[in-house]
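To start, the structure itself, in structure tokens.
The values are calculated or read from the model by the stated rules, or taken from the named source; none is laboratory data. Everything quoted here is computed from the prediction, not taken from an experiment. With ideal geometry, Cβ positions are generated from the backbone for all residues, glycine too; neighbour counts draw on all protein chains shown.
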Amino acid sequence: MTSHPDLWELPAEELARRIRGGEVSAAAALASALERTARVEPLVHAYLEIFEEAARVRAGEIDRSVAAGKDPGPLAGVPVALKDNLNLAGHRLTCASRILEGYVAPYTATAVQRLLDAGAVIVGRANMDEFAMGSSCESSAYQETRNPWDVATVPGGSSGGPAAAVAAGSVALGIGSDTGGSVRQPAALCGVVGVKPTYGRVSRYGLVAFASSTDQVGPIARGVRDAALATQVIAGHDPMDSTCAERPVGDLLATIEEGIAGMRVGVVKEIDVVLAAQAAAAAATTPAAPAAPAVNPVGGEPAPGDMAASFRGALAALEEAGAELVEVSIPSLEAAIAVYYVIATSEASANLARFDGVRYGRRSPGAASLAEVYFDSRSEGFGAEVQRRIMLGTFTLSSGYYEAYYGKACAVLAQMRAELTAALGRADVVVTPTTPSAAFRLGEKVADPLAMYLSDVFTTPASLVGLPAVAVPSGLDGQGLPLSLQIMGRPFEEATVFRAARAFERQVGWQVAPRFRGAEVAAS
Amino acid sequence: MALTTEEVRKIASLARLRFTPEEEAALAGQLGKIVDYIDQLQHFEAGAPPEAATGAAASEVPPVPLAPIVPMAPMAPMAPMIPMIPPPALLPPLPPISRAAPEDDDVPRPCLPREVFLANAPAALDGFLLVPEVRRTSTADTRQVPEARPGVGDDQSS
């Protein structure tokens with residue numbers, strides 16, 4: 001086999017074009033991706049399992065299809081990493097949890113089937129926070145994934161594995177799920193593009209449920225065009241998911257290069273207040289963090305002003321590209337975390353009732369009665385963060401507290417929906433930073449769940465309201481770690497969001513080139 | 001508001017989880033801190049009750065201008081039930097995921113074949129899920145096991 005050492009660097013769109021045209025083989029593209037993976041995986045630990053043999057078989061099928069004069073599709077031969085909560089028939093799936101040890105997917109998720117129908121080659125299942133609950137990948141029961149930009153920092157979460165795999169060059173595309181920011185936040189921390197499509201845009205059939213009113217499947221890519229291409233492939237109605245909308249997807253790439261001259265970009269005026277509050281909260285909690293004595297002199301502490309400055313720079317770039325900035329107000333932004341952690345944990349406590357040691361997954365070996373099967377399997381099988389969220393959700397739904405918490409959260413959510421709807425009436429898209437800071441250090445927030453939750457302040461509103469949102473790299477902070485701009489749009493107007501994201505990407509001139517700081521490797 | 005370990009134990013029983021006394025104490029602190037944070041919701045709107053409200057006070061929240069699309073109200077966790085399994089003779093093979101027009105009618109359609117479903121079961125016998133007896137026959141239980149007695153923890157199952 002001819003070696004093509006640079007194929008892993010190609011965007012998915014270009015790689016598929018060459019494979020469809022017979023210029024290169026899917027087998028060679030896979031070999032390049034696997035070589036790159038072998039090199040970076042010991043540093044990043046993005047995967048829970050690599051489907052090497054199955055991927056080779058699949059790549060061979062794609063090549064035979066091309067040789068027979070057929071078109072395998074827009075992702076022909078493109079290596080893709082799946083978050084470990086998407087079913088692929090015949091392969092293991094754990095949600096990074098002990099309770100699903102040994103589980104084998106009995107069917108294939110619709111989003112994954114659409115990738116396969118478009119010619120993609122699934123190379124493995126990537127690490128995540130257990131049951132998608134976390135913002136750092138540290139709640140995985142199996143391994144810690146590292147950020148390719150600095151291996152002492154987290155990749156973000158919960159889709160940290162796919163984001164790290166894409167940033168490290170292992171695959172051109174990762175597919176994750178986003179419930180409160182779980183695609184956008186890790187994409188931001190790893191310096192890649194992450195998409196949370198409109199609620200109802202992509203089928204969740206075959207995605208393990210966390211919070212059903214916000215769960216959405218979304219891609220991670222090194223560029224906006226690839227992100228739009230992958231969204232296009234997985235989107236569209238599916239009778240297997242009754243929340244999946246019967247609306248045409250359209251061609252998301254058709255208008256993507258049209259620029260943003262004259263586009264009205266809404267700037268949320270409460271951002272500085274929220275960033276200042278977050279910096280104050282971080283300053284208050286940092287001394288209590290267990291990792292505080294071991295501050296890495298290379299990494300140091302993030303400068304709280306970095307994100308505010310970066311955001312101002314991003315706004316200037318949008319203006320230079322021709323956008324008209326308009327101020328919008330989302331007063332409920334301050335309450336987003338509180339609303340989200342009530343609604344998401346309430347739904348999670350119900351959704352995760354199905355993991356009971358009876359039908360699938362791990363059963364506690366010592367259980368002597370049915371009640372013990374439930375209690376022991378769940379207590380032994382779920383990790384600390386999942387148990388904490390089930391407890392919180394059970395509390396907020398329990399008699400005497402339901403109205404005060406769940407009912408109140410729904411009322412504030414209605415207000416947030418009204419505010420965002422009004423903002424998106426005045427503006428075509430609304431922008432915020434994706435995260436309040438760049439990647440934080442491994443272990444920094446593990447002991448303080450609330451500090452971890454606050455990472456999601458800017459991503460939760462689009463999840464709660466169901467809007468499409470794209471995270472696009474916006475530059476580096478003072479420590480050389482990526483920062484990101486979030487662009488939100490009107491429901492089902494992904495094309496507009498991608499157009500703005502692509503214009504911003506061009507203006508910034510971003511290159512995904514992680515340096516693997518802290519590990520001795522040449523990343524080129 | 002700090003949660004008491006008694007409250008933690010009650011919630012754990014509802015959630016079918018069990019903790020050691022040390023874990024209960026840690027959870028009481030952690031959950032208390034998170035609940036303190038989400039208590040800001042009580043103050044969010046003008047005219048909202050200053051204290052954590054019971055159902056009556058919270059229901060006086062003024063209506064919002066837009067018709068809110070409230071997320072699916074989740075049910076409280078309940079004792080998991082064994083799903084009904086149709087006879088094998090009625091189960092044709094699972095078709096490939098349809099890309100065709102959506103189904104308009106609420107009609108029965110094939111579901112996961114029994115043998116495929118049971119392949120993931122921790123224990124099965126003659127095509128059924130196998131579990132230990134529902135009621136324990138042994139006597140004393142010295143661990144902190146909240147028993148799933150009828151009427152305890154199942155009060156929200158409707």
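Only one of these is part of a helix (DSSP H, G or I), touching a residue at least 60 places away in the same chain (Cβ under 8 Å) and either away from chain B (no Cβ under 14 Å) or under 23 Å from A:VAL430 (Cα atoms) (or both): A:THR198, A:THR231, A:THR255, A:THR214. Name it.
A:THR231
So, in the stretch A:423-472, how many residues would count as being assigned to a helix (DSSP H, G or I) and among the hydrophobic types (A, V, I, L, M, F, W, C)?
Looking only at that region, the number is 9.
Residue under question is A:TYR47, and the condition is that it be closer than 30 Å to A:ASP356 by Cα, of a type outside the set (A, V, I, L, M) and more than 17 Å from the chain's Cα centre (by Cα); does it hold?
Considered against the rule, which asks whether it is closer than 30 Å to A:ASP356 by Cα, of a type outside the set (A, V, I, L, M) and more than 17 Å from the chain's Cα centre (by Cα), A:TYR47 comes out as no.
Being under 15 Å from A:GLY181 (Cβ atoms), at pLDDT 95 or above and out of contact with any helix residue (DSSP H, G or I) (no Cβ under 7 Å at 6 or more places or on another chain), is that true of even one residue in the stretch A:442-455?
no
Can you find a residue in the stretch A:355-377 that is crowded, with 24+ Cβ neighbours inside 10 Å, closer than 26 Å to A:ALA451 by Cβ and more than 7 Å from chain B (Cβ to nearest Cβ)?
Checked against the condition, which is being crowded, with 24+ Cβ neighbours inside 10 Å, closer than 26 Å to A:ALA451 by Cβ and more than 7 Å from chain B (Cβ to nearest Cβ), the stretch A:355-377 yields no hits at all.
Hey, can you tell me all the residues within the stretch A:1-55 that are free of Cβ contacts under 8 Å to residues at least 12 places away in the same chain and either hydrophobic (A, V, I, L, M, F, W, C) or over 21 Å from A:HIS91 (Cβ atoms) (or both)?
Correct list: A:GLU14, A:ARG17, A:ARG18, A:GLY21, A:GLU23, A:ALA38, A:PRO42.
Quick one: in the stretch B:119-129, which of the residues that are more than 9 Å from every other protein chain (Cβ to nearest Cβ) and surrounded by 13 or more Cβ atoms within 10 Å (Cβ to Cβ) is nearest to A:ASP238 (Cα to Cα)?
Going through the qualifying residues, I end up with B:PHE128.
In contact (Cβ under 8 Å) with a residue 40 or more places away in the chain, crowded, with 22+ Cβ neighbours inside 10 Å and under 26 Å from B:LEU129 (Cα atoms): does that describe A:PHE382?
Judged against the criteria, A:PHE382 is a match.
For A:LEU464, only one of the following conditions fails: (1) under 22 Å from A:ARG222 (Cβ atoms); (2) in contact with a helix residue (DSSP H, G or I) (Cβ under 7 Å, 6 or more places away or on another chain). What is its number?
Here A:LEU464 clears every test but (1).
If A:GLY400 satisfies all but one of (1) at pLDDT below 95; (2) under 19 Å from A:ILE343 (Cβ atoms); (3) outside any helix (DSSP H, G or I); (4) touching a helix residue (DSSP H, G or I) at 6+ places or on another chain (Cβ under 7 Å), what's the number of the condition it fails?
With (1) at pLDDT below 95; (2) under 19 Å from A:ILE343 (Cβ atoms); (3) outside any helix (DSSP H, G or I); (4) touching a helix residue (DSSP H, G or I) at 6+ places or on another chain (Cβ under 7 Å) applied to A:GLY400, the lone miss is (4).
Residue-by-condition table, conditions (1) without any contact (Cβ under 8 Å) to a residue 40 or more places away in the chain; (2) in contact with a Pro (Cβ under 7 Å, 6 or more places away or on another chain):
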{"site": "A:LEU485", "(1), (2)": "no, yes"}
{"site": "A:GLU494", "(1), (2)": "no, yes"}
{"site": "A:GLY509", "(1), (2)": "yes, no"}
{"site": "A:GLY518", "(1), (2)": "no, no"}
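Return the pair list, or none, for Cβ contacts closer than 7 Å from residues in the stretch B:1-23 that are at the interface with another protein chain (Cβ under 7 Å from one of its Cβ atoms) to residues that are assigned to a helix (DSSP H, G or I) and charged (D, E, K, R), at least 6 apart or on different chains.
Cβ pairs passing all conditions: B:ARG16/A:ARG378; B:LEU17/A:ARG378.
Does A:LEU275 satisfy the condition of being away from chain B (no Cβ under 14 Å) and under 20 Å from the mean Cα position of the chain (by Cα)?
no
What are the pairs with Cβ atoms under 7 angstrom where one residue, in the stretch B:98-117, is closer than 15 Å to A:TYR360 by Cβ and more than 8 Å from every other protein chain (Cβ to nearest Cβ) and the other, located anywhere, is at pLDDT below 85 and assigned to a loop (DSSP other than H, G, I, E, B)? Sequence gap at least six, or different chains.
As it stands, the answer is B:PRO113/B:LEU91; B:PRO113/B:PRO93; B:PRO113/B:LEU94; B:ARG114/B:ILE85; B:ARG114/B:LEU91, since those pairs meet every condition given.
Under the condition of being over 24 Å from A:TYR340 (Cβ atoms) and of a type in the set (A, V, I, L, M), which residue from the stretch A:463-481 is farthest from the other protein chains (Cβ to nearest Cβ)?
A:LEU476
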